[in-house]
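The values are calculated or read from the model by the stated rules, or taken from the named source; none is laboratory data. Computed from a prediction, not measured in an experiment: that's the story for all the values here. All Cβ positions, glycine included, derive from the backbone under ideal geometry; neighbour counts span all protein chains shown. These accessible areas exclude ligands, DNA and RNA; they are computed on the full protein's heavy atoms, side chains included. Shrake-Rupley method; radii C 1.70, N 1.55, O 1.52, S 1.80 Å.
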Amino acid sequence: MFLRRIRTTLAAVRHFSGEVTTEPIPKPKLIQPAPTGAAVKSGGGDTLGRRLLSLVYTKRSAVITLRKWKEEGHVLRKYELNRNVRLLRKLKRYKHALEICEWMKTQDDMQLVEGDYAVHLDLISKVRGLNSAEKFFEDLPDQMRGQLACSSLLHNYVQHKDSSKAEALLEKMLECGFVKNPLPYNHMISLYISNGQLEEALRMIKKLKKNTSPDLLTYNLWLRICGSLDDIDIAENVLLELKKAKVEPDWVTYSTLTNIYIKNSLHEKAAASLKEMEKRTSRKERTAYASIISLHTRLGNKGDIRRIWKKMKSTYPKLNDGEYTSMINSLLKLEEFEEAHKLFNEWESVSPTKDCRIPNLFVAAYVNKNQIEMAEDFHKQMMRKGFTPSCTTWELLTWGYLKQNNMEKALVSFQKAVGSVKKWDFNEKLVQELYRIIQGHKNIERAEQLLVVLRHGGELNTKVYNALLKTYAEAGKMPLVISERMKKDKVELDDETRELIKLTSKMCVSDVSSYLS
């Protein structure tokens, strides 16, 4: 129905100038705690921007703030409201940004253009979901359902990985002459990459080149495809084509290229590419530094990661958790444990977050080195310091205990992992390893204990029950009422299940299953 309506309405749309403000694959930006720019005057004092940013909690209303500001005699100008919307979007305060857009729509003196509605649509999708955004698009006046609004809707289809609707919308945009730049194509290329449809992505690049000129984002996406296909020759040709088209490469370009070289052990080329990446990294490109540190780590350049870290500390007055994570992780990979611990202590002294992801780096490093006692000791220290272990913490410890063949501690730790979250994300690899070791021990009691843990986590499936049955088969025992238990757990039987039931039905009866069911 939705696409049918698009068919009948797009042809009547007027064309508007400007670009939609959404991007297909936004580069990661650092969220600054203190706003700058026109929305907040540098001299301080009371401004509309400061009041909106002070709301903090989503339950508070931006509309009430706007009304109060107006009641105090201030004039609310559209350009100022748009600046505040942009700032709130940058800070991911989507609900308050949407409230401003909705308030502007109700004001008779606000002359809204298609770009305003494109931003409005994107915010609706983020706050209320894609269905609401589609409804908003359908209800727009014909003259506002043009290039920018369509591009915004296409962007949201891409974010939701809805290939069929994105493809249909792009075709309609092409029919209506709305595709005048590479942005819509880039949306589709990024969608195909995220879905693993690399051949489709390459076909879209050909289509783009036939109808318009690639931009930097196109070339960077193309290089990503080359990295996934492990094709060095094409990657180097893409770089040559980019330079021939007089498109200036950025740090992302050389970061992707460096990754390809490292993956193929071309360390000299990787070093040269990484040098070019550093040249294109400035204070504004803060997120690039973590990537540079990671790449130097993969090349084993200990001196360079320390050099970059020193540069970061001299450039920015305060480093965030993500930057400390990057550096600590690099030191641990290079087995510089003493230096990593010193940096961890430094992070503790400057960060109030107690983010357990950073201690988890140490737990993972010790587990990878088969030093489970060190992992346990570090974990206990963190608990005493007030860190709350996450599901990942307990899963890492479970892996450590499995490496030591300590099933008792592994099951206890795994139970804590499943119980630490409201909804546990099924870790198939970990569950398979747990059952593999249990089967090796022919321990049906442990197998049943693990089944109970998974049941409490709401994650029972046919593979789990098959693993349980294999344990019974290894032990030469017959489980009781297995089909009834599976039916109760709403788990389907497959051919392997039936074969295992048939096999174990000839064995000695066990009462463990009835005890734990």
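Observations
- Residue 306 open to solvent by 10 Å² or more (accessible area, probe 1.4 Å), among the basic types (Lys, Arg) and within 25 Å of residue 253 (Cβ to Cβ): no
- Of the helices (runs of 4 or more DSSP H) lying entirely inside the range 3-113, those containing at least 1 residues that are touching a Cys at 6+ places or on another chain (Cβ under 9 Å) and either over 28 Å from residue 179 (Cα atoms) or modelled with pLDDT under 50 (or both) are 78-90.
- Scanning the range 346-373 for residues that are farther than 26 Å from residue 423 by Cβ, open to solvent by less than 30 Å² (accessible area, probe 1.4 Å), not β-branched (Val, Ile, Thr) and not in a loop (DSSP other than H, G, I, E, B) turns up 347, 362, 365, 366.
- Each residue in the range 130-159 was checked for being open to solvent by 20 Å² or more (accessible area, probe 1.4 Å), under 27 Å from residue 189 (Cβ atoms) and not in a helix (DSSP H, G or I), and 0 of them qualify.
- Condition check for residue 413: in contact (Cβ under 8 Å) with a residue 60 or more places away in the chain and either surrounded by fewer than 13 Cβ atoms within 10 Å (Cβ to Cβ) or polar (S, T, N, Q) (or both): no
- Scanning the range 374-390 turns up one or more residues that are surrounded by 16 or more Cβ atoms within 10 Å (Cβ to Cβ), in contact (Cβ under 8 Å) with a residue 12 or more places away in the chain and closer than 21 Å to residue 455 by Cα.
- Candidates in the range 466-503 are the residues that are outside any helix (DSSP H, G or I) and acidic (Asp, Glu); of these, the one that is least open to solvent (accessible area, probe 1.4 Å) is 489.
- Residue within the range 327-342 that is in contact with a Phe, Trp or Tyr (Cβ under 6 Å, 6 or more places away or on another chain), assigned to a helix (DSSP H, G or I) and not aliphatic (A, V, I, L, M) present: no
- Hits in the range 440-465 (condition: surrounded by 17 or more Cβ atoms within 10 Å (Cβ to Cβ), part of a helix (DSSP H, G or I) and not charged (D, E, K, R)): 444, 447, 449, 450, 451, 453, 454, 464, 465
- When the range 241-300 is filtered for residues that are charged (D, E, K, R) and in a loop (DSSP other than H, G, I, E, B), the ones remaining, listed by number, are 246, 248, 250, 280, 283, 284, 285, 286.
- Residue 178 in contact with a helix residue (DSSP H, G or I) (Cβ under 8 Å, 6 or more places away or on another chain), part of a loop (DSSP other than H, G, I, E, B) and open to solvent by less than 10 Å² (accessible area, probe 1.4 Å): yes
- Residue list for the range 312-335, restricted to those being surrounded by fewer than 17 Cβ atoms within 10 Å (Cβ to Cβ), of a type in the set (Asp, Glu) and in contact (Cβ under 8 Å) with a residue 12 or more places away in the chain: 321
- The set of residues from the range 181-203 being outside any helix (DSSP H, G or I) and either at positive phi or crowded, with 20+ Cβ neighbours inside 10 Å (or both) comprises 182, 196.
- Note on the range 103-124: among residues that are in contact with a His (Cβ under 9 Å, 6 or more places away or on another chain) and open to solvent by 10 Å² or more (accessible area, probe 1.4 Å), the one that is nearest to residue 174 (Cα to Cα) is 112.
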